[in-house]
Amino acid sequence: MSATSVMPAFWPYGGLLASDRNRAVSHEGDTLRRYVRQVRKEARDSITLSRTNILALRDLEEARHDAAKPNWDGYGARPISLGAYLQASDFLRALPADVPPPDIAVDPHGEVLVEWHFTSRQVLTVSINAEGRLAYSAQIGLRKVRGTEWQVDGVPRPIIVALGRVVASVHGPSAAVRGR
Amino acid sequence: MNSESAYSQQGESDLQFSCARLHSKVLRFTGTTDSNDTGLRGFNEMAVARHLSNAPITEALIDFRTSATQSLTPERLDRLRAVVPNEYSTVEDIYRFEAAFDRTGRIQTAVPETQLGWMFRSADGRQVAQFRRDGFTFNRLRPYTRWEELLPQALELWQIFVSVFEPTEVARLGVRFINRLPKVEPPGSYGLSEPPRVPVELHWELRGFLNRLVVVQEGGLSATLTQAAEDPVNPDRPIVLLDVDAFYAESLGPNDSEIPQVLQSLREMKNRAFFASITEETARLYE
């Protein structure tokens, strides 16, 4: 049984409480958005449910602070892109709560790097730019998987699948369903 | 009986209507919210799909999502102003601002505004065309008119978006209807065929809820169903929000000939979800 087949049904949609980039303009649309955000906030405030999101967003803030100015690395790096920061914030908020918290960094081009690094052969890296382009690369044992997705609605399925495979290669297939 | 006709919004013959009602009564056993009822429970008959003259639609959206690659230049705005129909007389910028506040209410972290697009509003404010960096949305506010009127308008405006922004693909198509039901029957179950329930053993009264389901149908169609009781909740006369967002998240070309049919299928899925979510008694209140 592959890790993909045991992925929880809602993972491809980024979670029930993920941002849906609400396009509604009515009062009732705003009301619903407020209700969902309140539930999302309360879920995040719960240590049991929100550790991944809280830790990841905290790391993003630290990275933003560290990379706020030109030449922040001493080698001419560009400061963190505002757009990349916002896109990364959305991406991290959309992560399912039971995903291991990633490491966050900023690259010399100002883009945000989100990485799950378990061993040299179990790694997933996602590079996020201001336009919402998600360039990902996964090392799963001897296999390498690469691709480009766009952040439209939650975390794109191919990235969730890649992450599941990386996690499964570390902990075994049952890790993808633990806690369901 | 042709099960598909049960979900058509065209007029039903008396015989078809009766057959559809019988079909909806079968096995709709859902229980009651009466915490004292420990015996045989009743069931909430789901509504039969048909045209509602006073449909509780508060907003209808037809949504096209692309990748966030489109830049917002003055030239693009000029081109939009030149080709968007004159009835959309007001243009507003759409911005995003993000901030985090500490417990005293002071801003802890703030990110400057970033522009997301332009919003063209009709003179009466009932229709909105949103041209965004990551796609296009057509909104119709209350009072709702007819799908047959809105779809061509949305497709025409979408073609304007395509000509000005030149997207390479449509990543998601969506048809979303937000309904506000100020009257529901029976009020104890919020007028829903499958209402949220407090376990009988608790003997507690339900005073508010937010339900959200993500469902998948054959053919790649999905939907997010959101049900909520509007605050503040009056248990004798609750107001219910029912939001059905049907979407198709497979890539299509911006001029793909399948787009109108996909939107039609999404609308049909939305209709099925709406009528299946409410009771027949509630539907009658909006005829």
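The values are calculated or read from the model by the stated rules, or taken from the named source; none is laboratory data. As the structure is a computational prediction, the values presented were derived from the model and not from experiment. In this analysis, Cβ positions are derived from the backbone assuming ideal geometry, glycine residues included, and neighbour counts consider all displayed protein chains.
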Residues satisfying the stated conditions in the range B:209-231, i.e. more than 16 Å from A:Arg37 (Cα to Cα) and in a loop (DSSP other than H, G, I, E, B):
B:Gln217
Which of the numbered conditions does B:Arg212 fail, given that it passes all the others? Conditions: (1) charged (D, E, K, R); (2) closer than 21 Å to B:Leu52 by Cα; (3) touching a Ser or Thr at 6+ places or on another chain (Cβ under 6 Å).
(2)
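Would you confirm, using the coordinates I've provided, whether B:Thr224 is touching a helix residue (DSSP H, G or I) at 6+ places or on another chain (Cβ under 9 Å) and free of Cβ contacts under 8 Å to residues at least 40 places away in the same chain? First the steps, then the outcome.
Numbers: touching a helix residue (DSSP H, G or I) at 6+ places or on another chain (Cβ under 9 Å): yes; free of Cβ contacts under 8 Å to residues at least 40 places away in the same chain: yes.
Yes, satisfied.
Condition check: away from every other protein chain (no Cβ under 14 Å), outside any helix (DSSP H, G or I) and in contact (Cβ under 8 Å) with a residue 12 or more places away in the chain. Does B:Leu206 satisfy that?
Answer is yes for this residue.
If the requirement is being within 14 Å of another protein chain (Cβ to nearest Cβ), modelled with pLDDT under 90, over 25 Å from the mean Cα position of the chain (by Cα) and assigned to a loop (DSSP other than H, G, I, E, B), which of these qualifies: B:Ser67, B:Ser35, B:Ser71? I'd like the intermediate steps shown before the answer.
Numbers: B:Ser67 fails: over 25 Å from the mean Cα position of the chain (by Cα); B:Ser35 fails: within 14 Å of another protein chain (Cβ to nearest Cβ).
Of the residues listed, the single one that is within 14 Å of another protein chain (Cβ to nearest Cβ), modelled with pLDDT under 90, over 25 Å from the mean Cα position of the chain (by Cα) and assigned to a loop (DSSP other than H, G, I, E, B) is B:Ser71.
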Selection over the range A:98-127 where residues are closer than 29 Å to B:Arg133 by Cβ and either of a type in the set (A, V, I, L, M) or in contact with a strand residue (DSSP E or B) (Cβ under 6 Å, 6 or more places away or on another chain) (or both) yields a count of 17
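Within the range B:141-163, does at least one residue satisfy the condition of being in contact with a Lys or Arg (Cβ under 7 Å, 6 or more places away or on another chain), within 12 Å of another protein chain (Cβ to nearest Cβ) and buried (at least 18 other Cβ atoms within 10 Å of the Cβ)?
If we filter the range B:141-163 for residues that are in contact with a Lys or Arg (Cβ under 7 Å, 6 or more places away or on another chain), which is where we start, we get B:141, B:147, B:150.
Now drop any that are not within 12 Å of another protein chain (Cβ to nearest Cβ), which leaves B:141.
Applying the additional criterion that residues be buried (at least 18 other Cβ atoms within 10 Å of the Cβ) yields B:141.
Yes, the range B:141-163 contains a residue that is in contact with a Lys or Arg (Cβ under 7 Å, 6 or more places away or on another chain), within 12 Å of another protein chain (Cβ to nearest Cβ) and buried (at least 18 other Cβ atoms within 10 Å of the Cβ).
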Considering only the range A:67-82, I want to know if a residue exists there that is under 24 Å from B:Gln115 (Cβ atoms), away from chain B (no Cβ under 11 Å) and under 12 Å from the mean Cα position of the chain (by Cα).
no
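Can we say A:Arg40 is at pLDDT below 90, closer than 26 Å to A:Val112 by Cα and either more than 9 Å from every other protein chain (Cβ to nearest Cβ) or surrounded by fewer than 12 Cβ atoms within 10 Å (Cβ to Cβ) (or both)?
Details: at pLDDT below 90: yes; closer than 26 Å to A:Val112 by Cα: yes; either more than 9 Å from every other protein chain (Cβ to nearest Cβ) or surrounded by fewer than 12 Cβ atoms within 10 Å (Cβ to Cβ) (or both): yes.
Spelling it out, A:Arg40 is indeed at pLDDT below 90, closer than 26 Å to A:Val112 by Cα and either more than 9 Å from every other protein chain (Cβ to nearest Cβ) or surrounded by fewer than 12 Cβ atoms within 10 Å (Cβ to Cβ) (or both).
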Selection within the range B:227-261 - in contact with a helix residue (DSSP H, G or I) (Cβ under 8 Å, 6 or more places away or on another chain) and farther than 28 Å from B:Arg197 by Cβ:
B:Phe247, B:Tyr248, B:Ala249, B:Glu250, B:Leu252, B:Pro254, B:Asn255, B:Ile259, B:Pro260
Name, by its number, the condition in (1) over 24 Å from B:Ala229 (Cβ atoms); (2) modelled with pLDDT of 85 or more; (3) surrounded by 14 or more Cβ atoms within 10 Å (Cβ to Cβ) that does not hold for A:Ala68.
(3)
Might you check whether a residue that is at pLDDT below 95, closer than 24 Å to B:Leu77 by Cβ and part of a strand (DSSP E or B) occurs anywhere in the range B:157-176?
yes
Please work out if B:Arg197 is modelled with pLDDT under 95, surrounded by fewer than 14 Cβ atoms within 10 Å (Cβ to Cβ) and farther than 21 Å from B:Trp147 by Cα.
no
Would you check if A:Val114 is buried (at least 17 other Cβ atoms within 10 Å of the Cβ), within 14 Å of another protein chain (Cβ to nearest Cβ) and not in a helix (DSSP H, G or I)?
no
Would you check if there is a residue in the range B:100-123 being of a type outside the set (Lys, Arg), in a strand (DSSP E or B), more than 24 Å from B:Pro74 (Cβ to Cβ) and at pLDDT 70 or above?
no
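Does B:Leu80 count as closer than 30 Å to A:Pro156 by Cβ, buried (at least 17 other Cβ atoms within 10 Å of the Cβ), more than 12 Å from chain A (Cβ to nearest Cβ) and modelled with pLDDT of 90 or more?
Numbers: closer than 30 Å to A:Pro156 by Cβ: yes; buried (at least 17 other Cβ atoms within 10 Å of the Cβ): yes; more than 12 Å from chain A (Cβ to nearest Cβ): yes; modelled with pLDDT of 90 or more: yes.
Spelling it out, B:Leu80 is indeed closer than 30 Å to A:Pro156 by Cβ, buried (at least 17 other Cβ atoms within 10 Å of the Cβ), more than 12 Å from chain A (Cβ to nearest Cβ) and modelled with pLDDT of 90 or more.
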